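The values are calculated or read from the model by the stated rules, or taken from the named source; none is laboratory data. Just so you know, these numbers come straight off a predicted model, no measurement behind them. Virtual Cβ from ideal backbone geometry, glycine too; neighbours counted across all protein chains shown.
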Amino acid sequence: MKTIILIGNMYSGKTTFAKALEKEIEFKRFSIDDYRIKYGDNTVPGENLAWDMLYKEALKAKNCILDTTGLSKQIDSRIWGSIFKIGIICKIVELHERRVKEDHRVPYPYNFTDVEESMYRMQKLVQARNVDIKFHSDHQSPQEMIRLLKESESFNEYLI
């Protein structure tokens with residue numbers, strides 16, 4: 001089994017990239033947001049159920065793309081197979097602009113009293129995370145990121 005993990009801040013473009021990548025390669029996409037919508041109810045037990053169901057279904061896939069922040073302890077404790085980590089970075093100002101446009105329909109049990117501080121903290125964690133390749137979604141389109149990914153020697157070796 002091969003797993004691609006997308007690591008990035010809220011609103012960094014992980015889902016947009018994951019959907020485009022899923023069309024290009026034979027990997028099934030699993031997004032924590034989809035599972036939060038289906039199973040979450042703004043409580044910690046609902047959040048845990050969403051993660052449990054994501055992993056239960058992802059384990060059935062031969063190859064998968066995990067569309068999460070990539071920073072969760074859930075990822076570190078339940079990871080499997082051969083892993084390729086893709087970091088997606090975006091300027092904080094762009095994250096804020098995307099957040100304003102987003103329709104906040106995803107249930108999440110934790111209340112960020114200071115969203116800006118949370119974004120800065122997550123951005124530092126994403127930038128410090130060891131990844132196989134990084135993209136900048138504020139100036140690279142999903143198609144451009146896929147093109148660069150396909151040209152990457154490390155990604156091509158991973159797919160073999």
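Table for the structure above
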quantity	calculated
Odd one out for residue 26 among (1) at pLDDT below 90; (2) buried (at least 23 other Cβ atoms within 10 Å of the Cβ); (3) not in a helix (DSSP H, G or I)	(2)
The lone exception for residue 108 - which of (1) more than 25 Å from residue 84 (Cβ to Cβ); (2) in contact with a Lys or Arg (Cβ under 8 Å, 6 or more places away or on another chain); (3) modelled with pLDDT of 75 or more it fails	(3)
From 25, 4, residue being within 19 Å of residue 158 (Cα to Cα) and within 13 Å of the chain's Cα centre (by Cα)	4
Long-range neighbours under 7 Å by Cβ, at least six apart or interchain, first residue small (Gly, Ala, Ser) within region 25-50, second part of a loop (DSSP other than H, G, I, E, B) and modelled with pLDDT under 90	40/107; 46/40; 46/107; 46/109; 50/40
